[in-house]
Amino acid sequence: MSNIKYILGSFGDPDEMMHGIEKLQENNIKIHDVYTPMPIHGIEAKLGIKRSRLDIAAFFFGITGTITMLTGVYLATVVDWPINIGGKTHFALPDFIPITFELTILFCAFGLVGSYYASTHLFPGRAPRVMDLRASNDRFIIAVDAKENTDHTKIDELLKGAGALEVKHNERKYISYE
Amino acid sequence: MGTHHYNLSEQFEFTGKVKILSIVGILIGVGAIAYGFISDAHERTFANLLLMAYYFACVCMSGAFFLAVQYVAQAGWSASILRVPQAMAKTLPIAVIILLAVIGLGLYTHNLYHHWADPELLVEGGAKYDKLIAGKSAFLNIPFFMGRQIVFLGAYSFFAIKFAQWSGQEDLHGGLDYYRKGFKNACIFLVIYGFTTPIFAFDTIMSLEAHWFSTMFGWYNFAAMWVSSLATIAVIIILLRKAGYMQWVNNSHLHNLGQFIFGFSIFWTYVWFSQFLLIYYANMSEETVYFYKRFNNYESWFYINLILNFLTPLLLLMDRDNKRSENILLTVSIVVLCGHWVDYYQMIMPGVFEFGPKVIDGKPGSGFGFIEIGIALGFIGLFTYTVLSALSKKALAPKNHPFLQESLNHHL
């Protein structure tokens, strides 16, 4: 049993990489992930990646901000310190729409930045872990789990045949920028 | 993506049920106008005519605005749907003639703009002398007012027709010359349009209540006309698609239109609320009179307006899948179109009728009945008839548009 964990096909051209994905999928070889230095149109559909749930998270972060502000305003202007301002009711909603809107946006933005860090394991001060350094530069990487797909020579052939410039057999999942 | 084969030179055939229904609509409209005058509700008829003529003109001129925005942004996604706003732009001159006729006759018969268009208001020491109106008379006098209307609407019509013409010639001759010409003129048009639409809205709608003014009013109207035009474009495209035309329009195009409708509905609310908040907060009687009339006489309309134009698009179009769904986008667009009718109703009726729906000294107030529905149906029929006739004259895709391929392969 070999110690190889991941097989990386490194392509110089996005079209060839897309072709490589097709080839692997035709042979029922499961692709772990694909890393590209730029967004590639239609790749999510091809890899069958589920839709991001970031929009749902955004909605709930936003609504949390709305509720926080309205509660805060209510506590301050009605419960704690009611003041008569221009003869209006204490909880004069239109006055506080702009600030509620602002806090909705603020909570939404901070929440999304937090979600992004959490889902990508990127935190300030932490060195990012990547599978191939050139994936953020000039190479398009297809990663195949070598433990699940045991016919390594066939994977190599398919990747090379599709135009991979280099095929790597890695014993560790990640290399890091450290 | 890939190899699709669409018949890009297909043409819309304007026949059958749609044609008959639009003519029936026009006849109902004529009937409603006749009924309005026979039943002695002159003011109410004129107010409704102004509402619908303004709505009609605004939707068409925002069609030209849509074309100009696409030129200036060098947008690719919209290339294959441009024939619809072009048809709306081509209809603009008809809408302009109707609007000018309504305004002119309204002034002539003293049914509209009586807050300022009465020479006795300016006679110092006279019984009807009004100092505020006299102070505004350098701007609000009939020759200058009509002159502005004719110059502004004429300029919009000129550019609207030119955009449609150049696109037609692009079909015949190809090349980039027509696109460049369109781009250059779109820049000029946008500057003119941006500076003059607020004044156009001040004149046509805000001067119905000439004592009151709001600097937000121009943008408020601009937002209303732009979002209603986008909703109209969406409705026409979805109905054409359902009828078997324009099969190249995919759900990514709908997504973009949905984003536009969603975004500009929020923008409309933003401007509407900005106008409201300042007046509410400052609470000065000369300003609050505007909302006082609307709260007292039209309270339910006031909230319906917000539900239709803000909450509906906000809640129904927020989700990505809903923007991409034909039926939901169609429903929301129709709701928004009805909503902006309510919005214009809110702007016009309390200005024309001092006491709202109440009958004062035997003079009937505003209302909601056959006159309103009939005139609205009449203008919908007229709009359908004129826009669809204009649409049927050319192929449904501008086949030599430089971005057509990008638009056909549009994918979000």
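Could we say that A:Gly111 is more than 14 Å from chain B (Cβ to nearest Cβ) and on the phi > 0 side of the Ramachandran plot here?
no
Given (1) within 13 Å of chain A (Cβ to nearest Cβ); (2) surrounded by fewer than 16 Cβ atoms within 10 Å (Cβ to Cβ), identify the lone condition not met by B:Glu299.
Status for B:Glu299: all satisfied but (1).
Suppose the filter is more than 22 Å from the chain's Cα centre (by Cα), over 30 Å from A:Glu22 (Cβ atoms) and not charged (D, E, K, R); does A:Pro124 pass it?
So A:Pro124 does not fit the description; no.
For residues in segment B:324-373 being over 30 Å from B:His411 (Cβ atoms) and of a type in the set (D, E, K, R), which is surrounded by the fewest Cβ atoms within 10 Å (Cβ to Cβ)?
Once the filter is applied, the top-ranked residue is B:Asp361.
Keeping to segment A:43-65, report how many residues are part of a loop (DSSP other than H, G, I, E, B), within 12 Å of chain B (Cβ to nearest Cβ) and closer than 26 Å to A:Glu148 by Cα.
2
Let's see how each residue does on (1) assigned to a helix (DSSP H, G or I); (2) surrounded by 12 or more Cβ atoms within 10 Å (Cβ to Cβ):
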{"position": "A:Ile67", "(1), (2)": "yes, yes"}
{"position": "A:Leu75", "(1), (2)": "yes, no"}
{"position": "A:Phe91", "(1), (2)": "no, yes"}
{"position": "A:Pro124", "(1), (2)": "no, no"}
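Each row is one residue, and each column tells you yes or no for (1) in contact (Cβ under 8 Å) with a residue 24 or more places away in the chain; (2) under 21 Å from the mean Cα position of the chain (by Cα).
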| position | (1), (2) |
| --- | --- |
| B:Ser9 | yes, no |
| B:Lys17 | no, no |
| B:Gly36 | yes, no |
| B:Ala41 | yes, no |
| B:Cys58 | yes, yes |
| B:Ala64 | yes, yes |
| B:Ile81 | yes, yes |
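Looking at B:Asp118, B:Asp171, B:Asp177 in this structure, which one is charged (D, E, K, R) and under 22 Å from B:Glu209 (Cβ atoms)?
B:Asp118
Of the residues in segment A:93-122, how many are exposed (fewer than 12 other Cβ atoms within 10 Å of the Cβ) and in contact with a helix residue (DSSP H, G or I) (Cβ under 7 Å, 6 or more places away or on another chain)?
Matching residues across segment A:93-122 total 0.
Which count do you get for residues in segment B:68-78 that are touching a Phe, Trp or Tyr at 6+ places or on another chain (Cβ under 6 Å) and farther than 15 Å from B:Arg180 by Cβ?
1
Quickly run through segment A:129-145 and pick out the residues that are over 20 Å from A:Glu22 (Cβ atoms) and in contact with a helix residue (DSSP H, G or I) (Cβ under 8 Å, 6 or more places away or on another chain).
If the condition is that a residue be over 20 Å from A:Glu22 (Cβ atoms) and in contact with a helix residue (DSSP H, G or I) (Cβ under 8 Å, 6 or more places away or on another chain), then A:Val130 is the only one that fits.
Given the criteria among the small types (Gly, Ala, Ser), more than 14 Å from chain B (Cβ to nearest Cβ), in contact (Cβ under 8 Å) with a residue 60 or more places away in the chain and part of a helix (DSSP H, G or I), does A:Gly9 qualify?
no
Just checking, how many residues over segment A:23-40 are within 14 Å of chain B (Cβ to nearest Cβ) and surrounded by 13 or more Cβ atoms within 10 Å (Cβ to Cβ)?
Final tally of qualifying residues: 1.
Taking the conditions exactly as written (closer than 25 Å to B:Ser229 by Cβ, without any contact (Cβ under 8 Å) to a residue 60 or more places away in the chain and surrounded by fewer than 19 Cβ atoms within 10 Å (Cβ to Cβ)), does B:Ala73 satisfy them or not?
Criteria met by B:Ala73.
Scan B:Leu230, B:Leu208 and give me the residue that is modelled with pLDDT of 95 or more and either more than 14 Å from chain A (Cβ to nearest Cβ) or surrounded by fewer than 17 Cβ atoms within 10 Å (Cβ to Cβ) (or both).
Result: B:Leu230 is the single residue among B:Leu230, B:Leu208 that is modelled with pLDDT of 95 or more and either more than 14 Å from chain A (Cβ to nearest Cβ) or surrounded by fewer than 17 Cβ atoms within 10 Å (Cβ to Cβ) (or both).
Return a yes/no flag: does segment B:64-85 have any residue that is assigned to a helix (DSSP H, G or I) and more than 30 Å from B:Leu391 (Cβ to Cβ).
For segment B:64-85, residues assigned to a helix (DSSP H, G or I) and more than 30 Å from B:Leu391 (Cβ to Cβ): absent.
Which members of segment A:70-88 meet the condition of being aliphatic (A, V, I, L, M) and within 14 Å of chain B (Cβ to nearest Cβ)?
Selection gives A:Ile85 alone.
The values are calculated or read from the model by the stated rules, or taken from the named source; none is laboratory data. Given the structure is predicted, the values throughout are model-derived calculations rather than measurements. Please note: Cβ atoms are built from the backbone with ideal geometry, for glycine as well, and neighbour counts cover all protein chains shown.
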